[in-house]
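Following: one structure in structure tokens, then a few remarks.
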Amino acid sequence: MRTATILRASAALIVSTMLGTAMAGDIRKTPLPDPATSIKQFGYSATQNSSLLNSASSLWAQVPPASWTANTYTLRSKMALALGSTGVDTALANVIINVCKVYARDPQHCVIYTTAVACAESSCGDPSLAPAIQNNIFGLHSGQMSYSSRTEAVKYWITKGYNSTWYTANEGYFYGYCAQTYFCARGVDYSTYFFYSNVVNMPPTSHYCMSEAGSNISGYCPKGYNNSSLAYYRVR
């Protein structure tokens, strides 16, 4: 694969600690966190925790009272430049980081791919780019496709899609394990091939993008791959 980068063998076994860690190996064996427990890390009151978990509360878009580590702030800075001169605005970046911290097995991996897909589908979260489908910043074509806010869109994408299937994206690089060998190999960084493919006749593993404007080849999404991959490498 011409775009894959061969890394040192040990790199595949290292998981970044910016937001939290996951076990090396089959990420499927890492249980989902209990949101009622993980939400407590933010330092909100019990009433506020309940509001956060049961709605698209505006608190998701804020840095929580217990704050973050310096590494998390660094990550947010990278998100702001995900496409070079543009990226994820501060409010949306806060939402992505906070939701990943509460709901994801590996918050770091979650932030990286949530950002990459949003940057491919809506220029990093600009709802005006999908005017016919309100706040559908991830370009979904099934399930819920209209949202009251970008926060609701993020929570849906992570809890309904990412946590079910997409958390295994590029697992050979992140966890040193591959359940299959299609766009996956231990120690090889396949960027965003799990969601987008710029290789003719090789659709993305997840079939997330199977068509795009200007391409009449099923599963061939070079624009989506280019934007998502740029965001991926800048944030990772």
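So how many residues does the range 21-54 have that are at pLDDT below 95 and surrounded by 14 or more Cβ atoms within 10 Å (Cβ to Cβ)?
Matching residues across the range 21-54 total 3.
Being part of a loop (DSSP other than H, G, I, E, B), surrounded by 19 or more Cβ atoms within 10 Å (Cβ to Cβ) and either at pLDDT 85 or above or under 17 Å from the mean Cα position of the chain (by Cα) (or both) is the filter here, so list the residues in the range 122-138 that pass it.
Within the range 122-138, C124, G125, N135, N136, I137, F138 qualify.
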Of the numbered conditions (1) surrounded by 19 or more Cβ atoms within 10 Å (Cβ to Cβ); (2) in contact with a Gly (Cβ under 6 Å, 6 or more places away or on another chain), N170 satisfies every one except a single condition; which is it?
(2)
Which members of the range 195-205 meet the condition of being under 19 Å from Y233 (Cβ atoms) and without any contact (Cβ under 8 Å) to a residue 60 or more places away in the chain?
S197, P204, T205
Name the residue, out of T165, T181, that is out of contact with any helix residue (DSSP H, G or I) (no Cβ under 8 Å at 6 or more places or on another chain), over 20 Å from N54 (Cβ atoms) and at pLDDT below 95.
T181
Subset of the range 191-236, residues within 25 Å of G143 (Cβ to Cβ), touching a helix residue (DSSP H, G or I) at 6+ places or on another chain (Cβ under 9 Å), open to solvent by 30 Å² or more (accessible area, probe 1.4 Å) and of a type outside the set (K, R), comes to T205, S206, Y208, E212, A213, N227
Within the range 55-86, work out how many residues are surrounded by 13 or more Cβ atoms within 10 Å (Cβ to Cβ), out of contact with any Ser or Thr (no Cβ under 8 Å at 6 or more places or on another chain) and not polar (S, T, N, Q).
7
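The values are calculated or read from the model by the stated rules, or taken from the named source; none is laboratory data. Keep in mind that this is a model prediction, so the values were computed, not measured. Every residue, glycine as well, gets a Cβ built from its backbone with ideal geometry; the counts of neighbours run over all protein chains shown. For the accessible areas, the whole protein counts, side chains as well, though only heavy atoms, and no ligand, DNA or RNA atoms are used. Shrake-Rupley method; radii C 1.70, N 1.55, O 1.52, S 1.80 Å.
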